[in-house]
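Note sheet for the following structure.
The values are calculated or read from the model by the stated rules, or taken from the named source; none is laboratory data. Just so you know, these numbers come straight off a predicted model, no measurement behind them. Here Cβ is always computed from backbone atoms with ideal geometry, including for glycine, and neighbour counts include all displayed protein chains.
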Amino acid sequence: MTESRSQQVDLAGLAAAIERAAADLALAEEPSRFIAALEEAAEEERR
Amino acid sequence: MGWTIEELAGAIRQGKISPVEAAEACLARVQRLDGRLRAFITPDPEGALRAAKELEAEATAGRWRGPLHGVPLAFKDLCHVRGLPTSCGTGTKEYFVAAHDCTAVSRLVAAGALTLGKLNMTELAMGPFGDNAHHGHVQNPWRAGHVSGGSSSGSGAAVGAGLALGALGSDTGGSIRLPAACCGIVGLKPTYGRVSRAGVMPLSWSNDHIGPMTRTVRDTALLLRVVAGRDPHDATSSPRAVPDYLAGIDGGVAGLRAAVPENFFFQGLDPEMASGVREALRILEGLGARIEEIRIPDPQTMNDVCNIISRCESAAVHARLYRERPEEIQPVVRARLELGFRIPAHDYLQALRLRARLTRAFLGDVFAEADVLVAPVIPEAAPPLSHATEGPVEELALRQGRFARLTRPFNGLGLPALSVPCGFSRVGLPLAFQIVGRPFAEATVLRVGHAYEQAAGWHRRRPPLD
């Protein structure tokens, strides 16, 4: 598996974007809060 | 076959047409047209007729399985269907052989649907155009030589061309909505967790959604009610009750608050597409909706997050195929898979954490003051097939990313998104827009889509195939 120049660019771009966006993530933030966000918003809609 | 699912199911109940006649009509159309459309990978005429005869005997005896009794459907070739091979669009036709139907198919069959066969798709569901070097490039039913959209390409073309009355597709970055938009039909990516993925070949567990593709919004509502709901075989499926999506679908849009993004979605959009979507908004406004332009959180961040998650998870899913038979995978698909092997676990996990925060922010910013968000679904009408197949791998991958940039954010957000046709380009290719709702608000999204569809009437047009 050799890494092409365009793959290096893609990877670097994605990694930089994630690093920027994640810079101020709260310690408590975790993946499962995604499902919780959907369920909570649906509950609000019902109320 | 020009019927909608609702019309055909009603006609079968009234004895105006039998399940065998319905199946034969579809199979004859497949026989006549699919040599050039390439919508099917595995048609199953024997199985379809066998099922149709059983359904006919049951109907004669007054036994009705459900709302789809005798309705011919077809399924993307990553849905496991008992007795049929599953290629997932690869060159290995029997990449999977399943002993059971996937949950969504089993629910449709329990409701009376019969299976016409398995539908063509982009290899491994990785690509938005519908090209497939192994099984043939799916042709757009409205204009030969143009893409059908992907990755549920066969689903779009089969329903658009009237080979099947409805289909299932999967949507990881737009793969239901893109072919629906390109082929002039309706396609729904439901809320994450609304429809079970059990028995469907995954691409990215975090972003995969299963949903219906049909000619009308009402038919999509009908199929969604059948396939939605908790499934013990899919831990991500929601236990939330499934409403009757047809019950309030005629409620109209008077007073509905529809937000239109002023950033991102209309930038670089083809003028014909922009004009079609703006005209759709005018129609909705004329029906009583309140249209308001708003600035939304930058969707490109969510696109990056989705890309990282999808690349990593798809590399994990297909690691064995990649390591053992890489030469079987088309170069552009292989290149996208390779990327996933090189992303650090740290970035993947940060992307999953970011997704949670971005979703809460989006819901708060957009849906505090709006009931739906209305946006374009494809940046331009279906491009020529050469756009998907000709050029260096790097350029092909860039074109793929650009074509799916308007759909992918809603996979990351997990929100219901309905693609609805909104006219035609000068050369006769479909235009489309998407209606995005709050989590589990499929009923609202379908109500808006139905109101527009009835007012605009585009669903009555048929592609020039006969």
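Scoring B:Phe266 on the criteria (1) out of contact with any Pro (no Cβ under 9 Å at 6 or more places or on another chain); (2) of a type in the set (A, V, I, L, M, F, W, C); (3) in contact (Cβ under 8 Å) with a residue 24 or more places away in the chain leaves a single failure, condition (1).
Pick from region B:171-197 the residues that are in contact with a Gly (Cβ under 7 Å, 6 or more places away or on another chain) and of a type in the set (Ser, Thr, Tyr): which of them is farthest from the other protein chains (Cβ to nearest Cβ)? Top of the filtered list is B:Ser175. Across region B:313-330, what is the total count of residues that are more than 12 Å from B:Gly127 (Cα to Cα), touching a residue at least 40 places away in the same chain (Cβ under 8 Å) and not β-branched (Val, Ile, Thr)? So the count comes out to 6.
Filtering region B:354-396 to residues that are small (Gly, Ala, Ser) and either in contact (Cβ under 8 Å) with a residue 40 or more places away in the chain or in contact with a Gly (Cβ under 7 Å, 6 or more places away or on another chain) (or both) leaves B:Ala361, B:Ala370, B:Ala375, B:Ala381, B:Ala382, B:Ala388.
Looking at region B:327-337 only, could you name the residues that are outside any loop (DSSP other than H, G, I, E, B) and more than 9 Å from every other protein chain (Cβ to nearest Cβ)? Within region B:327-337, B:Glu327, B:Glu328, B:Pro331, B:Val332, B:Val333, B:Arg334, B:Arg336, B:Leu337 meet the criteria. Tell me which of these B:Ala368 doesn't satisfy, since it passes every other one: (1) buried (at least 22 other Cβ atoms within 10 Å of the Cβ); (2) under 21 Å from B:Ile294 (Cβ atoms); (3) not charged (D, E, K, R). Result: B:Ala368 passes all but (1). One residue is enough: does region B:354-363 have a residue meeting the conditions in contact with a Phe, Trp or Tyr (Cβ under 8 Å, 6 or more places away or on another chain), crowded, with 23+ Cβ neighbours inside 10 Å and under 30 Å from B:Val393 (Cβ atoms)? Among the residues of region B:354-363, at least one is in contact with a Phe, Trp or Tyr (Cβ under 8 Å, 6 or more places away or on another chain), crowded, with 23+ Cβ neighbours inside 10 Å and under 30 Å from B:Val393 (Cβ atoms), which makes the answer yes. On the stretch given as region A:7-42, residues that are over 15 Å from B:Thr359 (Cβ atoms), over 14 Å from the mean Cα position of the chain (by Cα) and either surrounded by 12 or more Cβ atoms within 10 Å (Cβ to Cβ) or facing another protein chain (nearest Cβ under 7 Å) (or both) total 4.
Being closer than 22 Å to A:Ala17 by Cβ, facing another protein chain (nearest Cβ under 9 Å) and part of a helix (DSSP H, G or I) is a description that does not apply to B:Ala315.
Looking at the structure I just gave you, is B:Val372 within 14 Å of another protein chain (Cβ to nearest Cβ), of a type outside the set (Gly, Ala, Ser) and under 23 Å from B:Arg334 (Cα atoms)? Against the criterion (within 14 Å of another protein chain (Cβ to nearest Cβ), of a type outside the set (Gly, Ala, Ser) and under 23 Å from B:Arg334 (Cα atoms)), B:Val372 does not qualify. Summed over region B:156-191, residues that are part of a loop (DSSP other than H, G, I, E, B) and either touching an Asp or Glu at 6+ places or on another chain (Cβ under 9 Å) or among the small types (Gly, Ala, Ser) (or both) total 12. Taking the conditions exactly as written (touching a residue at least 60 places away in the same chain (Cβ under 8 Å), in contact with a Gly (Cβ under 9 Å, 6 or more places away or on another chain) and basic (Lys, Arg)), does B:Arg218 satisfy them or not? Criteria not met by B:Arg218. For region B:287-302, does any single residue satisfy the condition of being more than 14 Å from chain A (Cβ to nearest Cβ), in contact (Cβ under 8 Å) with a residue 40 or more places away in the chain and of a type in the set (Gly, Ala, Ser)? There is at least one residue in region B:287-302 that is more than 14 Å from chain A (Cβ to nearest Cβ), in contact (Cβ under 8 Å) with a residue 40 or more places away in the chain and of a type in the set (Gly, Ala, Ser). Only one of the listed residues (B:Phe75, B:Phe96) is modelled with pLDDT under 95 and of a type in the set (Phe, Trp, Tyr). That residue is B:Phe96. Would you be able to tell me the number of residues in region B:63-106 that are in contact with a strand residue (DSSP E or B) (Cβ under 8 Å, 6 or more places away or on another chain), of a type in the set (Gly, Ala, Ser) and within 21 Å of B:Val159 (Cα to Cα)? Count: 5. Considering the conditions (1) modelled with pLDDT of 95 or more; (2) touching a helix residue (DSSP H, G or I) at 6+ places or on another chain (Cβ under 6 Å); (3) within 14 Å of another protein chain (Cβ to nearest Cβ), B:Phe264 is excluded by exactly one of them, (3). None of B:Ala381, B:Ala356 is touching a Ser or Thr at 6+ places or on another chain (Cβ under 6 Å) and at pLDDT 95 or above except B:Ala381.
Of all residues in region B:430-457, those satisfying the criterion of being buried (at least 19 other Cβ atoms within 10 Å of the Cβ), in a helix (DSSP H, G or I) and not acidic (Asp, Glu) are B:Ala443, B:Thr444, B:Val445, B:Leu446, B:Arg447, B:Val448, B:Gly449, B:His450, B:Ala451, B:Tyr452. When B:Gly10, B:Gly91, B:Gly62 are checked against the criterion of being more than 30 Å from B:Pro232 (Cβ to Cβ) and modelled with pLDDT under 95, B:Gly91 stands alone in meeting it. Any idea how many residues of region B:338-352 are touching a Lys or Arg at 6+ places or on another chain (Cβ under 8 Å) and either more than 9 Å from every other protein chain (Cβ to nearest Cβ) or among the charged types (D, E, K, R) (or both)? Number of matching residues: 1.
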